[in-house]
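Report on one structure; see the data block that follows.
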Amino acid sequence: MLKLSRRTTTAMAAVVSLTVGLGAVIAAALAIAAGDQEIAQALRAGGLAIVVRHGATFPDQADTDPLNSTT
């Protein structure tokens, strides 16, 4: 029977965990890429509206376009 040290066993477990984790990341990236292709095809087909909203800003943030002011 092969006897491994605790350090070797821990290192092997870490390598296996990293390998499995990397495989999951690659699988997720491929799924996202496939989803992106479907979205791109739907956009090319037309008939859709795209709404983009910027994130929150600070109330004291300077207005960079003073000619287009709502106040």
For this session: Filter region 3-14 down to residues that are of a type in the set (A, V, I, L, M) and loosely packed, with under 10 Cβ neighbours inside 10 Å, then give me how many there are.
Result: 0
For this session: Determine, yes or no, whether residue 22 is outside any helix (DSSP H, G or I), among the hydrophobic types (A, V, I, L, M, F, W, C) and modelled with pLDDT of 75 or more.
Result: no
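The values are calculated or read from the model by the stated rules, or taken from the named source; none is laboratory data. Source: prediction; values computed, not measured. Reconstructed Cβ throughout: ideal geometry from the backbone, glycine too, with neighbour counts over all protein chains shown.
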